[in-house]
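In what follows, a single structure is set out as structure tokens and then discussed.
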Amino acid sequence: IYADPAKRLELYFRPKDPYCHPVCANRFPTSTMLLRVRRSSRKRQQLDTQEQIQPQVQFEMEILGIVTTVYKFQGMSDFQYLAVHSGPDGKQTSMYDKVLMLKPEKEEFFNKDLPLYIPPPIFSRLDTPVDYFYRPDIQHRSGYNNPQVSGENLIGLSRARRPHNAIFVNFDDEEIPTKPLDAAVQNWKKVCTNPVDKKVEEELRKLFEERPVWSRNAVKANISVHPDKLKLLLPYLAYYMLTGPWRSLWVRFGYDPRKHPEAKIYQVLDFRIRCGMKYGYAATDMPVKAKRSTYNYSLPITVKKQGSHTVSVHDLKQGLGSAGSSGAKKPPSSRYKLKESIYIFREGALPPYRQMFYQLCDLNVESLQKIIHRNDGTESECTERDGWCLAKTSDDLRDSMSLMIKQIIRSTRPALFSNTTSSEDGKEQLAYESGEDEDDEEEEEEDFKPSDGSENEMETEILDYV
């Protein structure tokens, strides 16, 4: 625990009880001394029988060292959950000998009738008491009636929309926006106060002139801009598609891809690397590692998570992500750029993540482009599933790409199919193919570390704006 500054020290009052809830101690820095105190006493000689013997006491102190870290238990120590059952008469019966298997048992142990006992998987996210300041009930005047329930005053399950003022469009919407919201214009004007920001705005305008539909990761691979500024710049120049063949993409204002058959090359393809023994490799042999894993998850009560730094408009005005700090190792022109592999699929290279959102024009493989352009000049209808392409075009593309991935794995990891290559060489080769570079990771900024993108770009981007 001491080796990891983010973890909390746990204390179990009943270590042998698996249902014992620990008390957690927070880590605090300190500057105190560790002392060794010795107490020695000597008995005085008895001079008079009537006087009491008073021992002579001496104390010796020695400084052993300096303490720099202490752990303080500040949580509730009586927050426990016992394996007991309440009978009809209210009597509590222990169930430890019935639910805990301390030794190998016979079949009769598992066939016994027991009362239902389901311990909670997690106790609480808080182990310290907090004050809830509830608002008092509103006292209405006589004759007041509650208004009818509507979408305006109904409390929804989702969080409040963030003030980035992006315009969302569904595939079934008839009209598309031609200009941004006034609030989006004002937000960008507030932070666009230096020449670097204006240059980034011009670069993004040129990108949308060359290509009317972009994914956010593709933009981040072509322009070096701080992510917090990009959240304000994109709603200023484009709207966001929620559904249909252009979902999770940003479209230039005034451009409707549903009316232009040539826009099929900008459609999105949700590609996920297939794994399984029928594909020749198991999930554990997957050369592309998952971005998130349940094995790395720690309970909130045992890990002291650090809060994220909120970027304010003042920080953005100061040139956050534009001029940069004096100790920056990378130039501003490429500090926040992502690698091209995050949005371009090339033959012979593995995707950086197991799930990728590609635009059809970014599939740089001749055989895949032939599948996309099979109906050039004969597009008749734009459907929500296939857009301007033929039916099941996405399925054909996924099959071809999965076959390419399998061939890459066979060439880079022959140990999966034969014992001719050592596993260490295969790991080094795969790290190169998947775009991982240890040197690049060490050169990133301390305040912002851009990744190669999100495992689920659509989900991440919607959460940024909704």
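Counting the residues of region 196-229 that are under 27 Å from E175 (Cα atoms), in contact with a Lys or Arg (Cβ under 7 Å, 6 or more places away or on another chain) and part of a helix (DSSP H, G or I) gives 1.
For beta carbons closer than 8 Å, sequence separation of 6+ or different chains, a first residue in region 397-415 that is open to solvent by 50 Å² or more (accessible area, probe 1.4 Å) and a second that is assigned to a helix (DSSP H, G or I) and modelled with pLDDT under 90, the qualifying pairs are K406/Y279; R410/L416.
Can you confirm whether D396 is at pLDDT 90 or above, of a type outside the set (K, R) and in a loop (DSSP other than H, G, I, E, B)?
no
Scanning region 176-195 for residues that are assigned to a helix (DSSP H, G or I), at pLDDT 90 or above and among the β-branched types (V, I, T) yields a single hit, V185. Taking the criterion of being open to solvent by 30 Å² or more (accessible area, probe 1.4 Å) and touching a strand residue (DSSP E or B) at 6+ places or on another chain (Cβ under 7 Å), no residue of region 254-265 qualifies.
Check D48 against each of (1) modelled with pLDDT of 85 or more; (2) open to solvent by less than 100 Å² (accessible area, probe 1.4 Å); (3) more than 50 Å from the chain's Cα centre (by Cα) and name the one condition it does not meet. Only one criterion in (1) modelled with pLDDT of 85 or more; (2) open to solvent by less than 100 Å² (accessible area, probe 1.4 Å); (3) more than 50 Å from the chain's Cα centre (by Cα) is unmet by D48, namely (1).
Considering only residues that are among the acidic types (D, E) and at pLDDT 90 or above, which ones fall in region 341-376? Spell out how you get there, then give the answer.
Here is the first cut: in region 341-376, the residues among the acidic types (D, E) are 347, 362, 366, 376.
If the condition is that a residue be among the acidic types (D, E) and at pLDDT 90 or above, then D362, E366, D376 are the ones that fit.
The values are calculated or read from the model by the stated rules, or taken from the named source; none is laboratory data. Given the structure is predicted, the values throughout are model-derived calculations rather than measurements. Backbone-built Cβ (ideal geometry, glycine too); neighbour counts: all protein chains shown. Surface areas here come from the heavy atoms of the whole protein model, side chains and all, with no ligands, DNA or RNA. Shrake-Rupley method; radii C 1.70, N 1.55, O 1.52, S 1.80 Å.
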